[in-house]
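Single-structure report; data block below.
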Amino acid sequence: MQKSRSLVFIAAGVSVAVLVAAGVAAYSAVRTLSDASDQLVRSKEISIALEQTLSSLRDAETGQRGYLLTGRQAYLEPYAEAVASVNQRLATLRASSEPDPSAQQRLAELEQSARAKMEELARTIALRDSGQPDAALQVVLTDAGKLSMDRIRQLTELIQSQEAVHYEQYRDRERSARTLSLWSGLTVSILAIALLALLGFIVRRDTAKIRASEEHLAITLRSIGDAVIATDATGLVTLMNPVAESLTRWPAAAARGQTLDAVFRIINEETRITVESPVAKVLREGGIVGLANHTLLIRRDGTEVPIEDSGAPILDKQGEIIGVVLVFRDASRERAAERALLDADRRKDEFLATLAHELRNPLAPIRQAAKVARMPAATPAQVHWAHDVIERQVQNMARLLDDLLDVSRITRGTLEIRKEPIELRAVVEAAMEMARPAIEARNHSLTVEYPPRMMLYADPLRLAQVVANLLTNAAKYTNPHGQIRVSGHCDDTALILQVSDTGIGISAEMIPRIFEMFVQVKNALDKSEGGLGIGLALARGLTVLHGGSLEAHSAGPGTGSTFTLRLPIYQATEKPAPGDATAAVAPAVPGRRILLADDNVDSAESLAMLLRLQGHQVDVVHDGAEALRRLEELRPQFALIDIGMPQVNGYEVARRTRAEPWGASIKLIALTGWGQEQDRQEALEAGFDHHLVKPVDTGMLLERLAE
């Protein structure tokens, strides 16, 4: 007994020492892993910023060459954007390379070369502006610009190659940290296994105290947080702790005497192939073994659970194997977290790529149409066509951004709907107008069957948006010359509207996910016109806000699909007369005195021109300080104020105006690219009467001017 106690004390001391060492090693591994991950991110950020800086410099040089050759101001727009982008990218590079003095030195040279290049571009543009195009071209022909760009490319490649070396070093540190973490965990497992083996040895040697030793072993097993199963040398289960009972769904009494293969059935998670018996592996190798990664345990009731496990032999005093002990634990959370991270990363990359694609799509026709409109040989009809293209594509971009904001508001529960008694026919007709371009572009046949006249209590704009999204979705995913059908009927409590098509259909596995954000039918990529996969998510969100439901049905790929919209019927005792639903014609807007403040010259002048064509008197300024001075001088009826302006921003202009006695009578309208609810609230709190999001809907602006 004294020897047994001595062995137990020695084992306990070793266990504490090993646990402390494993804990220190694990902590060091986590610190190293975190630092390596941060460095990897920094290295990637530097590489991306370098590519973007070089690309922006090329864009600036392209804009400069175009302007020098043609003298057209349109070429200066990409030049100005590129110059601003270069400054931003250089600032990002400085911030990312602060921990590395050598990188900062190379970056300083790169920044000096980039600024020299931008000064050279600015100098040639200034010469062209001053009426010296030949002098500007002579500067270009000196090849100084080419040499400067060559040096910038050399520096970029040098920094990128160095970052690539750093990246591999950080990857090596990350791998080393992972290995250290793995060995720390394995050490703890080995410690537990070794402790169990020692206790088994004591029980075997000290037969007179076998009952007390078994009780001691059982207590030890119950105190271990992992599942433990022990077998004899033939592979029959001799004991298991409560955690093992819970994971395997085998009671210890029923499992005792069973073969390990019957109680502990394991397969590979990916291949579904049975994994070799731990007993056979331990007996063959004669030492501690770790089982295959991504292992699934088949429980007694047939359910599966992912596990992490290891096995070790139980030896007697002569060193002979008298059994095997297994230590394993439920790894469901780790596997689920790993899958969730991978899926989230994949969906993020897909979304960013799709968003970039969708935002770039309208830019090509806009740029081409603008060039057509500026061509001297363009006919009036061609100029009119170009204007229509630009307006249509700008509307597409605005709608895309509006949909993103609406989905965000629905997710956060901040989207408000304004319900009123409306008739379904008016909603469907408005939706058809919204979706008509997509339907006509693919030459679809649209059939509409209205139910008996029935009133709804809903937001007409949002409900029309729901139906329009369903129609647009049907048009996009139906081959040209397809058929789209809208039909409706009523039951006792709800109005049911169905939108059916003869399109590509939806597979059974996609039906439950079709209304999720950024989800698209995978086999539709070559048939649709793209999109972010937010239309159906937005439609369902708006439907739920109306107290209704939206469901999708399809017999499978190639069979078309049907979307069923259910909405509660308006229960008012008196329904509006048929004439009540007709919208009144808005009165003509009288001429107004307007001050327009916007630092974007093109945006300000184009909007001013539109308003002047409507009969309004418009004065234009381009900064907040000048806006305040002109407001006091002119005392206009309306002031259209951009939020982001130099010197004094739009919020401050509104506050100062409202603080003056003469400012109370001026209607202040905020013009901004920020359209979140908190942006609107901030504008109203600053003193604005209205908050309009760019690009401004001129119809809505005219309504505000008519107030």
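Readers should treat all values here as calculations from the given coordinates under stated rules, not as data from a laboratory. Owing to the predicted nature of the structure, the values given are computational and were not obtained by experimental measurement.
To one decimal place, what orientation-averaged projected area in nm² is obtained for the convex hull of the Cα set of the range 593-706?
With every direction weighted equally, the projected area is 6.1 nm².
Rounded to the nearest Hz, the phi-derived 3J(HN,Hα) couplings of the range 52-59 under the Karplus curve 6.51 cos²θ - 1.76 cosθ + 1.60 (θ = phi - 60°) are 5, 5, 4, 5, 5, 4, 5, 4, where x marks glycine and proline.
The spacing between the range 612-659 and the range 412-487, judged by their C-alpha centroids, is 40 Å. Setting aside same-chain residues fewer than 8 positions from K44, which aspartates and glutamates have a Cα under 12 Å from its Cα? Counting by Cα, and skipping residues close in sequence, K44 has these aspartates and glutamates nearby: E163, E168. Using every Cα-Cα pair within the range 225-336, state what percent have a distance larger than 25 Å. Result for the distance tail: 15 percent.
For T559, the residues 5 or more places off, or on other chains, whose built amide H falls under 5 Å of its own are G505, I506.
Could you compute Rg(Cα) / (2.2 N^0.38 Å) for the range 51-95, with N its residue count? List each step's numbers first, then the result.
Numbers: Rg = 11.2 Å, N = 45, 2.2 N^0.38 = 9.3 Å.
So the range 51-95 has a normalised radius of gyration of 1.20.
Post the alpha-carbon centroid distance, the range 230-246 to the range 370-384, in whole angstrom. What the calculation gives is 85 Å, centre to centre.
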